[in-house]
Every structure is written in structure tokens, then in C-alpha cells.
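Heads up: the structure comes next, in C-alpha cells.
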Amino acid sequence: MHDLAPWRRRQGLKQEDLAHLIGVDVSTIKRWERGETVPYAYNLEKLLGLGFQPDRHAPEDGALLPTSASRERPSLQHKSGASLNEKQEHPSTYVVQDRSNQEELTRLLLQDRMITAGMGGVLPEQLDVTRFQRLLDIGCGPGGWLLDVAQQYPHLTSLIGVDISGKMIDYAREQASAQQVSDRVEFLVMDALRMLEFPDAFFDGVHMRFAHSFLRVWDWPKLLLEVRRILKPGGLLLITETTLTSTSTSPASSSLKQLLAQALTQAGHVFPEGIIEGLPRMLRQHHFEPVRTHLLEITYHAGTPEGDLLIEDLKRIYRTAAPFLRKWVRLPENYEELYQHMLQEVRAPDFVVQWPLITLWCTC
Ligand SMILES: C[S@@+](CC[C@H](N)C(=O)[O-])C[C@H]1O[C@@H](n2cnc3c(N)ncnc32)[C@H](O)[C@@H]1O
């Protein structure tokens, strides 16, 4: 994009100013101007919004722009001409309806630490990622998982996290900057229920953790089709989900969990035969071969660092997901009382939760 620098100067903008306007590092602007990389579709839209008109030369190899997705962009434009990010949002299918909810952001940060610790790390030990370069995390939340991967695997040159929530993405970007990995890690606002705005055969791996929280059973086929398109042949899809069958020593917590499971079922997020059977079936139907399935039951004890994180998570989820629960199930009149009981019960020194997870890795 050698025409970017002359355009920027005509606008009276310094590289720092443009970086600030687009929300990227100055080093990224420099690379674009030197023609070493081109902007992701998302950033190009911002540039276009500022009045930049790229000349239409053939894009560089490996660039994100020459995608069937981006070629189809005009059809994604809102009638008013508003950009992808300005157009009306789809109503949320996520268990927390409010995309700007600060408490949910905090909860996801706690949950990320407790799950990653409980699983013994970010990626299964047996997984050979040395051949990986590019990795995508769908529904990345505040970015904890992807940032940990970036720190642990410096050979990964491009890690991209997408999430529908601008609040999560803003936070994740700040963290990438603070951890000095924003040259390799990028976070984009994207609705995974629409299309994944990346070129065909672009990623070596795609990761999703707890995507059932926003995917209804009927949303999986379209997403899997998109994931298959953007994965290189032989690329890997790594999925971690909860089985919704956790047990605990707190009766109130069990009742609340039951309500959440009912609401998820009513809203269409739960495979009729359960996730352990249903998800591999869905994957096979869409040409993904689960090469490894790992069932793991994490035990969280009060008084341990992870147990305490779980308790903080429980305190928040039944507040942030309350509108979703109200929408899909008849909440008992004593919901508030139940919640208060749960708060007391989880403080017991012998409070224990068993949380089953399933991890699948699949090739296509
Ligand atoms: C349960 S959180 C999991 C976050 C992260 N994967 C983790 O495990 O720490 C689900 C995330 O999906 C995001 N989300 C919800 N609907 C989405 C959609 N349609 N497209 C992309 N992300 C979405 C939410 O904003 C939230 O950050």
C-alpha cells in the first residue's frame, strides 16, 4: 500500500495520528506504508471510512484482503452506506445479552485463569504446534487464552482473536499492547454467526472455548463451513466445551446451575443427546474428523487459588446472565434468596465443585 503514506501526509496526519485513529501500533502503519503487509479487512474499512482510496493493484501474497469474504463486502454494507461496524447489530445469542457489561468482562478474566489452570495449560501437551504459524480464536472474550498462547509460543507469527463485543476487544488490545505482543496478536470485532472475514486456507489452527454459550445447535453447521474454508488443508480445529453436568456441594449453586442449563436448552444451545455425543456427530457431518477427544473433570476446592476464582465466577454469572435466564425460563420467586444462599454456601471451607470439560481436536 505505497499510496497510503502520500495520502496520510495530504491529510496532515503523522503515523502516530493514523495509528491512533485506526487503533493499531505505529509499527503496523509503518509496515503497511512500506508494503510489507496490508491491513486486515476490519482495518481497511476504518481507512476507507477516513477517506483513503487504495489503488487496486494485486494484493500481496498472504495478505488478509484478497478474500472471497472481502470481495463480497458491498453486500454486507448497510443501506445507509454505514460500515460493517456501524451497522445495526444482530441481537445477542450469548448468555450475557449486554455486550458492554463490565462485570461480564471481569468474570471472563477470572474464568480464563481458572480454566487454563484447571486444564494444565493453554494447549494440550501432546499437540505439536511447531508447524503452526497462524491461529484464530473465535469468541476470544478479553483475550486471555490467545495472549497466553502468544507468550508461550513465540514462533506463532499471527494470532487473531475475534469477538462480537467491542468492550472485550478493546480490553484485549490494551493487554496485547501492555504485553508487547501487538505485532503478532490482533483482536477484531466480528460476529462469528455471520461470516469469518478471512481468506480461504489462511489459518493453521482455529480455537473455540465455550462457544456453545452463543451458538445454538443450528448455528454450528454454518460456522463449521466457514472454519473449514479459512483453515489450511490439514489444519486443526480445537474445541473446549463444558458438558453442563457440573456438581457441587452447594445445593443453591446446583439449583442455579440447573436453571442455566434449562435456559440454554430452551434457547437451543444444547445438543439433544448431550455435547459428548452431539458435538462429534455434528463435526463429522461437516467433514471434521475428531482425532482426539479428551474428557476432563476439574475439581475446584474452596481455599485454593482456582477454587477462589470459581467462587468469584459463580458470584457474577447469576447476575450477568439473569436477563437470559428470565427470557428463557420461569425464574422461581425466591431467585434472589437462592442467590444469597449460594453466596453463603460457597464460602464454606469444604465447598467443592466438579466441572467436566470436553476437548476435541479435529482435522478437516
Ligand atoms: C463464554 S465467553 C468465552 C470467552 C473465551 N473463549 C474464553 O474461554 O475465555 C464467550 C465469548 O463469545 C463472545 N460472543 C458472543 N456471541 C458472539 C458472536 N456471535 N460472535 C463472536 N463472539 C461472540 C462473547 O462476547 C464472549 O466473549
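Miscellaneous remarks
- From 194, 228, residue being basic (Lys, Arg) and part of a helix (DSSP H, G or I): 228
- Failed item, numbered, when residue 265 is tested on (1) of a type outside the set (Lys, Arg); (2) in contact (Cβ under 8 Å) with a residue 24 or more places away in the chain; (3) farther than 27 Å from residue 143 by Cβ; (4) surrounded by 15 or more Cβ atoms within 10 Å (Cβ to Cβ): (2)
- In the range 5-17, residue surrounded by the most Cβ atoms within 10 Å (Cβ to Cβ) [restricted to those that are without any contact (Cβ under 8 Å) to a residue 12 or more places away in the chain and part of a helix (DSSP H, G or I)]: 17
- Considering only residues in the range 90-105 that are over 15 Å from the mean Cα position of the chain (by Cα) and not in a loop (DSSP other than H, G, I, E, B), the one that is surrounded by the most Cβ atoms within 10 Å (Cβ to Cβ) turns out to be 103.
- Filtered by the rule that a residue be closer than 15 Å to residue 161 by Cβ and in contact with a Ser or Thr (Cβ under 8 Å, 6 or more places away or on another chain), the range 106-140 gives 122, 134, 135, 139.
- Checking each residue of the range 167-186 against the condition of being under 15 Å from the mean Cα position of the chain (by Cα), more than 18 Å from residue 101 (Cα to Cα), assigned to a strand (DSSP E or B) and within 14 Å of the ligand (Cβ to nearest atom) gives no match.
- Every listed requirement among (1) more than 24 Å from residue 24 (Cα to Cα); (2) within 15 Å of the ligand (Cβ to nearest atom); (3) part of a strand (DSSP E or B) is met by residue 162 save one, (1).
- Residue in the range 116-132 that is farther than 21 Å from residue 293 by Cα and touching a Leu at 6+ places or on another chain (Cβ under 7 Å) present: no
- Restricting 292, 284, 319, 347 to residues that are within 25 Å of the chain's Cα centre (by Cα), basic (Lys, Arg), farther than 26 Å from residue 126 by Cα and in the same structural domain as residue 218 (by TED's automatic domain parsing) narrows the list to 319.
- Flag for residue 325 being of a type in the set (A, V, I, L, M), within 21 Å of the chain's Cα centre (by Cα) and surrounded by 19 or more Cβ atoms within 10 Å (Cβ to Cβ): no
- Residues satisfying the stated conditions in the range 106-121, i.e. surrounded by fewer than 20 Cβ atoms within 10 Å (Cβ to Cβ), of a type in the set (Val, Ile, Thr) and either within 11 Å of the ligand (Cβ to nearest atom) or within 25 Å of residue 217 (Cα to Cα) (or both): 116
- Flag if residue 110 is touching a residue at least 40 places away in the same chain (Cβ under 8 Å), over 16 Å from residue 359 (Cβ atoms) and in contact with a Leu (Cβ under 9 Å, 6 or more places away or on another chain): yes
- Qualifying residue in the range 134-155 (condition: out of contact with any Lys or Arg (no Cβ under 9 Å at 6 or more places or on another chain), without any contact (Cβ under 8 Å) to a residue 60 or more places away in the chain and not in a helix (DSSP H, G or I)): yes
- Here residue 189 meets the list (1) aliphatic (A, V, I, L, M); (2) buried (at least 23 other Cβ atoms within 10 Å of the Cβ); (3) near the ligand (Cβ under 10 Å from one of its atoms) almost entirely, failing just condition (2).
The values are calculated or read from the model by the stated rules, or taken from the named source; none is laboratory data. Just so it is clear, the model here is predicted, and its values are computed rather than measured. Cβ sites come from the backbone with ideal geometry, for glycine too, and all protein chains shown count toward neighbours.
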